[in-house]
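Quick notes on the structure that follows.
What follows draws every value from the coordinates through simple rules; no lab data is involved. Quick caveat, the model's predicted, so the values are computed rather than measured. Every residue, glycine among them, receives a Cβ derived from its backbone with ideal geometry; neighbour counts consider all protein chains shown.
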Amino acid sequence: MLASEIAQSLAERLSHIRRDFHMHPELSFKEFDTSSKIAKILTEAGIEIVDHGLSTGVVGLLRTGKPGPTIALRGDIDALPIEEQNDVEYKSRVPGVMHACGHDIHTTVVLGAALVLSKMKDQLTGNVKFLFEPAEEINAGAKAMLDAGVMENPHVDAIFGVHNQPDIPAGMVGVKAGALMAAVDTIGISVSGVGGHGALPHRTVDPIVAGAAIVLNLQTAVSRNTSPLEPLVVSIGTFQAGTANNVIPDRVQMTGTVRTFNPELRDAMPSTLSRIVENTAQALGATAQLSYRRDLPAVINSKEYANIAAGAVVAVCGEGNVVDPVPSMGGEDFALFLEKAPGCFLWLGVGNRERGIVNQWHHPRFDADESSLPVGAAVLAQCVIDTNKFLKK
């Protein structure tokens, strides 16, 4: 049987698996029951569970017993601290916690691919690793798994990952060579002035005014310091100051995020932003300092493996169902796996406008068209099959 035929035969089971995960979401590094359920499904399919030393997350290994490459599939498993607002029978049963980013979908389609490949083992050589990553939502899971050595013993030669995309209709898959998701960095800004009475501002150095000017001037990093052809986002997300309406405080604290694709532009950001922050504050008599933390690199898909993924989508879904997606300034720690092995990150269409399945990631009414589950499972399995053949040449 073909991967697509096996996956379709599993459609009802995949829906049941996904709904179970959706009803019982767990937060980052607390995915104990989720991990146990994943391990049980893999074990029943004859897939070895590898002890990676972490308290949550699962590594499955399908050995063919024949020499060949090792190909990995990655799915993330954690949920978000969001109260679900969907009125569905599989609504989250955990107050204040929800799979609002669709990691229940990712987990299910990777499990589906594992079930498919376990039935097609005789068509493969080498090994297939199934990486179920905890704590993706806090950008900690991939690093923890890599530090635990999950890309070795046996060494992973290629890797594929998947993220749902409500903007893409179910039955279609987004595949793009090159940059797909942005690098993620965090900034902190401390502004110091001289506090005093709100009625006597001339006797103070107002850090709030300086901070507000910094927020505005930071946008010149985008509009006047960077080519308009280069994607760049600089956003301030928190601005904290003061204790009373008539008191000018001594200090302002801000945090924000910087998103880029171009590595050279990313490298230039600390000095560019520091100059803007420090000089803006100085012009208003205050002082300011910028801290800059590099969190995640950009997701850059290999051209070779993007071509393999596109071919897998055609094989499973037919011609015309490969979408060339618009890159997102959102980040993904799958990028860290791509630093260890070439591969491709796919966007699985889960949208259905007729059914009102249109809400974006992290929305309290996020949902997915479950017809996408066997599609995702089959596409990932086909990626493994085709990569296995590619690497044997």
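Some points to look at:
- Which listed pairs, of LYS143/LYS303; LYS176/LYS303; LYS121/LYS176; LYS121/LYS389, have C-alpha distances above 19 Å, in listed order: LYS143/LYS303; LYS121/LYS176
- For the stretch 132-188, the Kirkwood estimate of the hydrodynamic radius, built from every pair of different alpha carbons, is 14.4 Å.
- Take the convex hull of the alpha carbons in the stretch 183-296; its mean projected area over all directions comes to 6.8 nm².
- Here the relative contact order of the stretch 183-296, from alpha carbon pairs under 8 Å that lie six or more residues apart, stands at 44 percent.
- Sorted ascending by nearby beta carbons within 10 Å, beginning with the fewest, PHE32, PHE239, PHE130 become PHE32, PHE239, PHE130.
- Projected label distance in nm at ARG293 and GLN85, using a 7 Å step from Cα toward the beta-carbon: 3.0
- The separation of the stretch 255-279 from the stretch 158-179, counted between C-alpha centres, amounts to 29 Å.
- Length released on extending from THR243 to ASN307, taking residue separation times 0.36 nm less the Cα-Cα span: 17.4 nm
- Relative to the longest principal axis of the Cα atoms of the chain, the long axis of helix 372-392 lies at roughly 80 degrees.
- The stretch 16-103, Cα convex hull volume normalised per residue, Å³: 101
- Note on the chain: helix-only mean residue ellipticity at 222 nm, from DSSP H runs of 4+ residues weighted -39500 (n - 2.57) and normalised by residue number, equals -10500 deg cm²/dmol.
- Fraction of alpha-carbon pairs over 28 Å apart in the chain - percent: 51
- Taking the C-alpha atoms of the stretch 237-393, convex hull volume expressed per residue in Å³: 177
- Charged-residue dipole, Cβ positions (Lys, Arg, Asp, Glu), the stretch 1-139 about Cα centre, Debye nearest 20: 600
- Mean projected area in nm² (Cα convex hull; one quarter of hull surface) for the stretch 1-149: 8.8
- Computed from Cα atoms, the angle from the helix 11-23 axis to the main principal axis of the chain rounds to 30 degrees.
- Stokes-Einstein diffusion coefficient of the stretch 246-297, Kirkwood radius over Cα pairs, 25 °C, 0.890 mPa s, in µm²/s: 191
- Once the Cα atoms are used to define both axes, helix 263-283 deviates from the longest principal axis of the chain by about 20 degrees.
- Note on the chain: antiparallel DSSP beta bridges, both residues inside, total approximately 70 percent of the bridges counted.
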